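Since every read-out is calculated from the coordinates, none of them should be taken as a lab result. Computed from a predicted model, the values in this text were never measured in an experiment. Note that we place each Cβ from the backbone using ideal geometry, even for glycine, and neighbour counts take in every protein chain shown.
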Amino acid sequence: MSNSSERSYSETPREQRASLFACLVATAGCAGYMPFAPGTWGSLVGVLLYWLVLHHTSLFSPTVLHFRHVPMVWPMVWWVAELTLLVSILGVWAAEKMSLECGVKDPQFVVVDEVSGQMLTYFLALAPANWKYLLLGFILFRAFDIWKPFPARQAESLPGGWGIMADDWVAAVYAAIGLWIARAAGL
């Protein structure tokens with residue numbers, strides 16, 4: 001008789017495989033298990049994903065738009081939009097699944113909301129991948145995510161994964177406005 005811990009992936013029950021996938025999504029590939037400031041680490045995963053998409057698309061795209069002296073790659077906008085939407089949709093599902101499994105409304109190790117919010121910040125601001133915008137967007141998003149200005153705190157009361165994710169989306173809108181203001185001020 002074989003031990004259940006020795007099962008191959010194909011022999012693992014589908015429910016356990018879904019739980020593992022949900023855990024990897026919810027924790028942003030285990031970034032949520034960092035011993036301190038897991039939300040900050042989740043945001044850094046969002047910064048990295050955004051930078052990778054911008055870097056990748058700018059290498060292969062000849063179509064460049066100069067937006068107020070900031071080069072933007074149009075195909076990048078669609079890549080970022082699609083990836084942000086995918087992370088958000090999977091995040092709602094995974095956050096709710098992990099919340100139900102551990103019995104906590106918003107577990108600290110669930111950081112996909114920070115990944116989604118950070119990416120949404122940059123997408124809404126059409127931020128270029130230079131260090132100033134990435135750093136400022138990161139700082140603004142973390143500040144608004146921690147502060148939770150209206151209606152972010154109210155968004156937390158939404159049911160399930162929606163409540164876990166929505167407050168970060170509100171913080172992303174505020175942070176994106178901050179990036180637009182910084183751009184208008186000449187940053």
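Is the C-alpha gyration tensor of the range 29-181 telling us rounded, prolate or oblate? Criteria: a/c under 1.5 is rounded; beyond that, a/b larger than b/c is prolate, otherwise oblate.
Since a/c reaches 1.5 and a/b is larger than b/c, the shape of the range 29-181 is classed as prolate.
Could you name the lysines whose alpha carbon sits less than 30 Å from that of LYS97, not counting residues in the same chain fewer than 8 places away?
Straight-line reach from LYS97, under 30 Å: LYS105, LYS148.
Quick one: 3J(HN,Hα) in Hz for the range 82-89, Karplus 6.51/-1.76/1.60 with θ = phi - 60°, rounded, Gly and Pro as x.
Ordered by residue, 3J(HN,Hα) equals 5, 5, 5, 5, 4, 4, 5, 5 Hz.
Output ³J(HN,Hα) for the range 182-187: one whole-Hz value per residue in order, computed from phi by the Karplus curve 6.51 cos²θ - 1.76 cosθ + 1.60 with θ = phi - 60°, and x for Gly and Pro.
4, 5, 5, 7, x, 5
In whole Hz, what ³J(HN,Hα) sequence does the range 41-52 give by Karplus (6.51, -1.76, 1.60; θ = phi - 60°), x for Gly and Pro?
5, x, 4, 5, 5, x, 4, 4, 4, 4, 4, 4
Could you size up the charge dipole of the range 29-181 around its Cα centre, putting +1 on the beta carbon of Lys and Arg and -1 on that of Asp and Glu, and report it in debye to the nearest 20?
The dipole of the range 29-181 has a size of about 400 debye.
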